[in-house]
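In what follows, a structure is listed as structure tokens, so that the remarks can point back to it.
The values are calculated or read from the model by the stated rules, or taken from the named source; none is laboratory data. Predicted model, so just to flag it, every value in this text is computed and none were measured. Accessible surface is based on the protein model in full, side chains and every heavy atom, while ligands, DNA and RNA are left aside. Shrake-Rupley method; radii C 1.70, N 1.55, O 1.52, S 1.80 Å.
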Amino acid sequence: MSVAFITVEGVLGDHSVLHGFYPIVDGVKLAHALGTGYRLVFGTVQADQAAVTHWLYINGMTQPHFYQDLLTREARWTDLSDSYLRAEHAAHLRSELGVPALLFTNPAYRWGEYRPDRKRLPKPWQDIDDEMVRQMELRAGDPRLKEYEGEQV
């Protein structure tokens, strides 16, 4: 059976200041879909395997029924950045099994301004006021909302 390697951070879950580490619904759906035809191996940048296993468990992803293995940050990889660690996990699997790659991108984050970790300041009041005026002008100029044959639509 082919192997699918899925990273926990960024695909299955993400971190929020308000909610802690929460599941990404589309990523979990992807894992469920891949689980029907692939042996799932998860990778995490965390060193605490018990904590990650517990998070997966409480979010409905149990071992060995849902996934077969969890790759964590080992002592030899403590100095690696998260992206290099993910590459190391993938290289490890590729050397063993020849794992092909698939990029999962959540469509809600395709632009930087929609990412939840983007630093934002409150929108200036003038920008809000300008947008309201712009929308009112568009509505006023919309021919579909004008009088039609003597009747107000």
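Across the protein chains, with a 1.4 Å probe defining accessible surface, the residues 24, 58 rank 58, 24 from largest area downward.
What shape does the range 26-97 have by the C-alpha gyration tensor, where a ≥ b ≥ c are the square roots of the eigenvalues, rounded means a/c under 1.5, and otherwise prolate means a/b greater than b/c and oblate the rest?
Here the range 26-97 falls in the oblate category.
Placing 138, 80 in order of accessible area, with the largest value first and a 1.4 Å probe, yields 138, 80.
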